[in-house]
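What follows is a single structure, written as structure tokens, with notes after it.
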Amino acid sequence: MKVARFVLKIVGFCLAAAAAACCVIAYWDKITEGVHAIGEKLGCRCCSRPSEYDDYADWDE
């Protein structure tokens with residue numbers, strides 16, 4: 001009986017960790033927007049990087 005409870009605790013922990021990972025993946029864009037908004041309000045410019053497509057902006061001309 002103790003072994004079954006231990007196994008169920010491990011399974012429950014694994015399912016909870018998987019659910020947390022899925023939530024982070026699903027809301028990643030909102031998480032990064034929030035972090036950038038907080039950084040801008042605090043005046044931190046360490047997170048502001050140019051877009052990866054800025055290097056190719058002159059190709060359209």
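The values are calculated or read from the model by the stated rules, or taken from the named source; none is laboratory data. Note that the coordinates shown come from a computational prediction; the quantities given were computed from them, not determined experimentally. These accessible areas exclude ligands, DNA and RNA; they are computed on the full protein's heavy atoms, side chains included. Shrake-Rupley method; radii C 1.70, N 1.55, O 1.52, S 1.80 Å.
The phi torsions of the stretch 16-31, fed into the Karplus equation with coefficients 6.51, -1.76 and 1.60 and a -60° offset, translate into couplings of 5, 5, 5, 5, 5, 5, 5, 5, 5, 5, 5, 10, 4, 5, 6, 5 Hz, rounded to whole numbers, with Gly and Pro shown as x. Ordered by solvent-accessible area of protein heavy atoms (1.4 Å probe), largest first, the residues 6, 13 come out as 13, 6.
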